[in-house]
Each structure stands twice: as C-alpha cells, then as structure tokens.
Amino acid sequence: MKSTIRSNWPKYVLQWGVLAALIFFLSGLATKLFPKLAPSDPEAYCPLGGLEALTTYVTRGSLPCSMSSSQIVMGVLLAAAVILFGKLFCAYLCPIGSIEDLLTKLRKSFGITGAELKSGSAADKILRAVKYGLLFWVFYSTATASELLCRKFDPYYAVATGFKGEIVLWMSIVALVLVVLGGFFIKRFFCRYICPLGAAANSFRFWLPLLLLALTWWGLSALGLPLQWWMLLAAFCVIGYLLEVFYRKPKLQLLHVIYDDENCTMRCYSCQKQCPYNIDIPGSGGIVTDVDCTLCGECIASCPRRALKFGVVTKPMHSMAGRLVPALVAVLLTALGIVFGSRFEVPTIDEKWGIEEGMELNTMRIDNLTSIHCYGSSMAFKGKMEKVKGVHGVKTYANSHAVVLTYDPAVTSEEKLLEEVYEPSHFRVNSPDSTAYKELQVQTIRTEHMPNRTDLNYLGLQMRMSGRKVFGIESEYDCPLIVRVYSDPEEDLDEAWFKEIVEKKVLAMPIHGGGVKETPVDFTFVRLEKGKDKIGIAEYLERMFDPFSAEFNGRYPSGDTTVVRKRAEVYEGKPQYIFEIQDRNYEKPIIKRALPFLSNHLSKEEGVIAVYLKLNKALEPSIQVRFAEPMTADRVWELMTMPVWQITYAPDDVRDVDAKMKFDKKGVCYEYQQ
C-alpha cells in the first residue's frame with residue numbers, strides 16, 4: 001500500500017509541527033536560545049486538564065492545581081469542535097495520536113503484520129469500556145481532591161516532564177508501554193481503548209442524549225431528590241459507552257468524509273485498510289458518520305479512484321481545498337482558545353465566611369503575589385486570612401498571581417490588610433567570616449513594588465553580583481517597604497549605588513553549564529535613610545538564620561489510665577543531653593525540608609524529647625537532638641544513619657521511606673542545660 005504522506009500533507013505538517021514545537025519548548029532548547037522566555041508548561045493548553053478543571057470548578061467552586069482559564073477554554077472548544085466538526089484534536093494535534101500513527105508506519109516499514117480488533121467484536125466492546133472507567137475515575141478524583149489525577153499516569157505528561165512531574169512511576173510506565181507496544185501492533189490502540197479524553201470526545205458527539213440526561217438530572221434535583229454530581233458523571237460515562245458501542249452514529253456534525261459509490265469501481269478497500277480505526281467506509285452509506293472518525297483524511301489520500309472527499313453536511317468540497325479544511329479548522333480553534341483563554345481568568349478559589357446580614361463589605365485586589373500559584377498555595381493563603389479580624393472572603397487567581405480580599409472596613413483597613421499579607425523575610429547575600437568581624441554596618445533603604453518574599457531574594461542576588469561586600473538584607477513591612485542592608489563597615493554604599501541596584505530591570509544569573517537566565521524585575525527605589533548603624537556579628541547571624549524546633553509528646557501511665565504528656569515535662573529534673581552535628585550546609589532549603597521527616601522518624605523513640613536546628617555556641621548551624629535515658633547518643637546516631645526511616649503520616653498510615661538526609665561524621669554529645 002502506497003504512502004499517504006505526500007497526498008495527505010496537511011495532516012502530517014500539522015502533526016509533526018506540533019511534535020517539533022513540543023520538543024523545542026519542553027526540552028529547554030527554547031529558553032537556551034531565547035533566555036527571556038519563561039519555562040514552558042507541558043499542560044498549558046491541555047483540553048483534558050481544562051475539562052477536569054471546569055468540572056472541579058462547577059462542583060467545588062475552585063480550580064485544581066495550577067489550572068487556568070486557558071485550559072478551560074481549550075476544553076470547552078474541544079467539546080464544541082467535536083460536536084460540530086469531529087475529533088480534529090485527536091487527528092491533528094494530539095501528540096499521543098501522532099506517535100501512534102508514526103508507530104503504525106514504522107511497523108509497516110518493517111513488513112510486520114499488525115493485529116486487528118474488528119469494531120463491534122466482543123474484545124472491542126470490552127476494551128472500549130476501559131477508557132470510560134478511566135474517565136469516571138479521573139474526573140471524580142480530580143473534583144474531590146482538587147488535584148489532576150491524569151498527571152499520575154498520562155504518558156505525555158511523564159515524558160514532557162522527564163518523569164519528574166507529579167506522576168506515579170509505575171502508572172506512567174504502564175501507560176507508556178501501552179502507547180508504544182499497543183500502538184505498534186494495533187492501530188491507535190491507546191486512543192481507542194485507554195484515553196479518557198477519547199471517551200469524553202466520543203460522548204460529546206452524542207450531544208442530544210447527554211443534554212437530555214443533564215436536564216433530567218437537573219429537574220430531579222429541583223424536585224428535591226438527593227442526587228449527587230458524581231451520579232451525573234457516572235450516567236454520562238455509562239450512556240456514552242453504550243452509545244459508542246451499540247449506536248455509533250452521532251448527529252449534527254458539519255464536516256464529514258463523503259463516499260461516492262459510483263466512483264468506487266475497484267472495491268479495493270484501501271480506504272478501510274488505511275483508516276486508523278478500520279472504519280467500514282464503503283458500508284457507510286455515502287457519509288461517514290462513525291463515532292471513531294477523526295477526519296484525518298487517510299482514507300481520502302489512499303483512494304486510487306478519488307471516490308472520497310471532505311464535505312460540509314452532504315455537499316462534497318473540491319478535492320484540494322477540502323483537504324485543507326480540517327487542518328485549518330483545527331489551527332483556527334487552537335488560536336481562538338489561546339486568544340480567549342488569555343482574555344479572562346477564572347478564580348482558583350472563591351471562599352466566603354462569617355458574613356452576617358447587614359454587613360457593608362469592601363473588596364481590595366492585590367497583584368503580583370507570586371506565592372499564589374496553585375490551588376494548594378491559594379488554600380494556604382485562605383487559611384492565613386481566616387485568622388485576620390475583619391476579613392470575610394478570599395478570591396485568588398493563580399495564573400496572574402493576584403488575590404481579592406472581602407473585608408469589613410469597620411474592623412480593618414487596606415493598609416492593615418497589606419501588612420497582614422506581607423511576609424517579612426531575609427536573604428543572606430554573602431557569608432561573613434565570624435572570626436574576622438565583630439560588627440557589621442547597617443543601612444536602611446525604602447523600596448516599592450516588592451510584595452513577595454522572592455523579591456527580596458532577587459534584590460539580594462543583584463547585590464551579590466555587584467561584587468560589593470554586602471552580607472545580608474532583611475525586610476520589614478511599611479509604606480514604602482523597609483529594607484535593611486548589612487555590609488562590611490568599610491563599604492561606602494551611597495544612594496546612587498542603591499538606586500542603580502534596586503532599579504535594574506533584569507536579574508541576569510549565570511546558570512550551570514553556561515549561559516545566563518534572565519528574570520525580569522520591576523522594583524522602585526524611594527530613598528536611602530540617613531545615618532548608619534552597627535550590629536554585632538552574633539546578632540546578625542541569628543537574624544539571618546531560620547531555626548527549626550520540634551518537641552514531642554509521649555503516652556505515659558497515670559493511675560489506671562494512659563495519658564499523653566509532653567516529654568519535656570516527664571523528664572524535667574532528670575539528666576538530659578544534646579547530640580549535636582554541625583555543618584554549614586544545614587542552612588540550605590533542602591535540609592530544612594528534610595527536618596520534619598527526621599523529627600518524625602525520631603519521635604517514636606522513647607527518650608527523644610526534641611529535634612532542633614539552631615546556631616551553636618560557635619555560631620555554626622547544627623542539628624541538635626535532645627534526649628534522656630533510656631535513649632543514648634549511640635542509639636540516636638544509629639537512628640539518624642538508618643538507610644530507611646519510618647514516617648507516621650496518620651495513626652493508621654505508617655510508611656518506610658528512604659532516608660532524607662545523610663550523615664557522614666558522628667556528632668558530639670554534651671549535657672543539656674535546663
């Protein structure tokens with residue numbers, strides 16, 4: 001059978017162009033060639049993620065993870081496109097579908113005969129149920145947990161992130177094997193039997209029965225029946241599956257493949273053999289309306305008698321012009337999704353609380369809060385604002401990093417709210433030698449447009465690259481913002497230097513392996529406060545240090561019962577000890593993230609009272625384990641150096657995990673001074 005690449009070039013240009021673009025952007029090549037480009041999001045325009053996000057928003061009033069309006073618009077456009085034009089995304093844009101088509105061509109080039117699963121056979125019907133089961137599982141789990149379940153097994157997402165995304169490794173590997181091996185031996189195996197987006201697309205093609213289903217569910221709910229949203233989802237999946245298997249002929253579609261029986265004089269069936277889904281095209285009755293048809297054009301390109309053409313409703317189009325139409329429609333719909341998705345934004349969360357009748361509430365919007373970037377960070381921000389008197393609502397926009405607060409102006413004000421939102425922070429620019437300095441110089445500058453903790457880090461990095469002996473900076477909320485700069489007493493840092501550093505528009509950071517990463521910044525320098533202060537080196541190091549403390553409880557007998565008591569109280573008055581390991585690397589964020597695991601692991605051992613990260617007497621970072629008998633220093637060291645730690649996530653959820661930290665040099669033990 002001859003190749004269809006030349007005669008069906010619009011499809012292959014678009015398919016291979018999309019694959020090339022994905023490789024160019026997701027491999028990091030784009031940012032290497034154009035450093036000003038932001039890192040690419042592999043799900044930026046994912047229609048399945050958009051449909052999951054829309055479902056979650058309708059059922060919970062929030063968006064999952066980092067989903068945005070762009071994905072929602074893509075999901076809605078996919079549904080509309082499937083109803084009106086067919087499954088163009090599957091044929092022309094989906095990277096998995098493109099890979100499966102390439103695998104089929106690869107198999108044929110090797111002369112290997114593939115397996116055939118005839119549509120309507122028992123095996124075909126059973127396997128088609130798999131994608132509907134996955135469709136229900138994916139949407140139900142995402143909507144209940146606000147976390148995209150499809151990421152855990154999506155083969156595209158796993159490959160696009162280098163298997164470093166939010167995946168379950170074995171699920172991703174199984175899915176990838178199904179794509180590669182299944183697609184090699186059976187045409188479009190993953191698309192036909194596994195893909196939940198394929199299940200959703202096929203269901204949307206039967207729009208009228210599903211619309212009646214939704215209206216029936218809404219009517220019964222209005223009558224007071226206790227129907228849950230997941231029941232509608234389950235019915236959607238079951239009815240979609242039954243219609244796909246037993247009916248297979250959707251209505252309303254505008255674009256079709258039209259079959260001319262008079263021109264088909266050879267009955268070679270090359271169209272059916274070339275079709276990725278083995279659709280019986282000569283048996284279609286003139287217009288191909290099969291639910292599997294993606295308008296890929298392979299049948300048209302393979303026909304030696306030109307008996308097949310694209311057409312609108314029942315009218316065939318000119319062969320050359322018609323061949324371009326599906327690809328052009330796919331491109332146009334994608335462009336519309338990108339444009340309209342960027343014009344509006346759905347809030348990630350929209351929560352209200354404590355509102356009483358008669359309250360007169362105001363709202364204020366705060367922009368450029370980069371800490372707001374997903375559902376989890378939005379909920380953390382909401383938790384913080386719930387504790388602020390006078391705040392009665394939070395609306396967040398993860399994509400644009402903005403929040404809208406609803407508040408009672410009789411209780412609080414915009415200035416007070418800005419102070420509550422701002423998180424004072426510090427950043428160590430360079431490390432001073434604590435033996436060479438007794439004190440450091442302190443200067444205070446005022447800045448604006450620095451609402452995030454990371455903004456102070458960016459400013460500190462600008463100072464680091466200046467080559468001046470600046471050791472650290474810290475911020476304190478005020479209008480304008482207070483920034484204290486700690487430097488060598490001999491450094492002469494004047495107002496002109498501070499203005500130049502603060503108002504640099506780009507942070508240009510050298511990256512490992514060569515090149516420069518450019519981050520746009522837009523801070524404003526207001527003034528340099530008069531006068532210079534001094535600070536002792538010990539006090540400075542304490543200010544720049546983020547300590548950690550975890551003190552434990554235990555269960556102890558009390559009369560005829562067992563009660564939970566603080567171990568520090570139980571061992572009060574008894575000899576206690578500190579097992580200390582000193583290392584300057586303990587200031588690094590990766591260590592701080594591991595400390596909760598270490599403390600959790602040690603907390604189950606009787607005699608372990610607490611775990612700290614603090615500066616020791618030599619002003620060096622150290623991990624300190626506080627203990628009393630029957631615990632010993634040797635046993636603490638043995639526990640810390642175990643290759644596997646036992647972590648308690650919940651009373652009934654205790655897991656063995658690989659140790660999060662490595663300790664090479666045994667620490668010292670000394671008596672704890674109570």
Inset, instruction - Give the residues of region 623-674 that are over 15 Å from Y577 (Cβ atoms) and in a loop (DSSP other than H, G, I, E, B), sorted by residue number. - result: T641, M642, P643, P651, D652, A659, K660, M661, K662, F663, D664, K665
Legend entry - Yes/no for R635 being of a type outside the set (F, W, Y), in contact with a Phe, Trp or Tyr (Cβ under 9 Å, 6 or more places away or on another chain) and under 30 Å from I537 (Cβ atoms): no
Inset, instruction - Tally the residues that are touching a Lys or Arg at 6+ places or on another chain (Cβ under 8 Å) and assigned to a helix (DSSP H, G or I), restricting the search to region 542-558. - result: 0
Inset, instruction - Test each condition in (1) surrounded by 24 or more Cβ atoms within 10 Å (Cβ to Cβ); (2) at pLDDT below 90 for R188 and report the one that comes out false. - result: (2)
Inset, instruction - Please tell me if I581 is touching a Gly at 6+ places or on another chain (Cβ under 7 Å), at pLDDT 95 or above and either surrounded by 19 or more Cβ atoms within 10 Å (Cβ to Cβ) or not assigned by TED's automatic domain parsing to the domain that holds R567 (or both). - result: yes
Inset, instruction - List every residue pair whose Cβ atoms sit under 9 Å apart, with the two residues 6 or more apart in sequence or on different chains, where the first one lies in region 340-359 and is more than 27 Å from V411 (Cα to Cα) and the second, anywhere, is part of a strand (DSSP E or B) and modelled with pLDDT of 90 or more. - result: E345/Y397; E345/A402; V346/Y397
Inset, instruction - Give region 398-436 a look and list any residue that's outside any strand (DSSP E or B), touching a helix residue (DSSP H, G or I) at 6+ places or on another chain (Cβ under 6 Å) and at pLDDT 90 or above, or say none. - result: S425, V429
Legend entry - Condition check for L613: crowded, with 16+ Cβ neighbours inside 10 Å, in contact with a helix residue (DSSP H, G or I) (Cβ under 8 Å, 6 or more places away or on another chain) and part of a helix (DSSP H, G or I): no
Inset, instruction - Looking only at region 366-377, decide whether some residue is among the aromatic types (F, W, Y), within 28 Å of P64 (Cβ to Cβ) and modelled with pLDDT under 90. - result: yes
Inset, instruction - Could you pull out the residue among D488, D522, D494, D533 that is outside the structural domain of N616 (by TED's automatic domain parsing) and under 29 Å from L417 (Cβ atoms)? - result: D522
Legend entry - Selection status of T444, over 30 Å from F344 (Cα atoms) and part of a strand (DSSP E or B): yes
Legend entry - When residues of region 108-148 are limited to those that are surrounded by 12 or more Cβ atoms within 10 Å (Cβ to Cβ) and aromatic (F, W, Y), the one farthest from V168 (Cα to Cα): Y132
Inset, instruction - For L461, indicate whether it is free of Cβ contacts under 8 Å to residues at least 60 places away in the same chain, closer than 30 Å to L417 by Cβ and not in a strand (DSSP E or B). - result: yes
Legend entry - Among the residues listed as G554, G536, G514, G531, the single one being touching a helix residue (DSSP H, G or I) at 6+ places or on another chain (Cβ under 7 Å) and either of a type outside the set (A, V, I, L, M, F, W, C) or farther than 21 Å from N457 by Cα (or both): G554
Legend entry - region 159-181, subset in contact (Cβ under 8 Å) with a residue 24 or more places away in the chain and in a helix (DSSP H, G or I), residue surrounded by the fewest Cβ atoms within 10 Å (Cβ to Cβ): V180
Inset, instruction - For region 342-365, name all the residues that are in contact with an Asp or Glu (Cβ under 9 Å, 6 or more places away or on another chain) and not in a loop (DSSP other than H, G, I, E, B). - result: E351, N362, M364
Legend entry - region 313-342: number of residues that are under 18 Å from Q253 (Cα atoms) and at pLDDT below 90: 7
Inset, instruction - Could you grab me the full set of residues in region 239-281 that are farther than 23 Å from G198 by Cβ and crowded, with 17+ Cβ neighbours inside 10 Å? - result: I258, Y259, C264, S270
Inset, instruction - Might you let me know whether region 503-516 holds any residue that is buried (at least 18 other Cβ atoms within 10 Å of the Cβ), modelled with pLDDT of 95 or more and at negative phi? - result: no
Inset, instruction - For region 10-65, enumerate the residues that are of a type in the set (F, W, Y), closer than 21 Å to P196 by Cα and outside any loop (DSSP other than H, G, I, E, B). - result: Y57
Legend entry - Candidates L324, L336 - the one that is over 24 Å from the mean Cα position of the chain (by Cα) and either within 16 Å of V257 (Cβ to Cβ) or aliphatic (A, V, I, L, M) (or both): L324
Inset, instruction - Would you check which residues across region 408-417 are among the aliphatic types (A, V, I, L, M) and crowded, with 16+ Cβ neighbours inside 10 Å and list them? - result: L417
Inset, instruction - Tell me, please, whether a residue that is of a type outside the set (V, I, T), in a helix (DSSP H, G or I) and either touching a residue at least 40 places away in the same chain (Cβ under 8 Å) or under 20 Å from L181 (Cα atoms) (or both) can be found in region 111-120. - result: no
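The values are calculated or read from the model by the stated rules, or taken from the named source; none is laboratory data. Since the structure is predicted, the reported quantities are computational estimates derived from the model, not experimental observations. In this analysis, Cβ positions are derived from the backbone assuming ideal geometry, glycine residues included, and neighbour counts consider all displayed protein chains.
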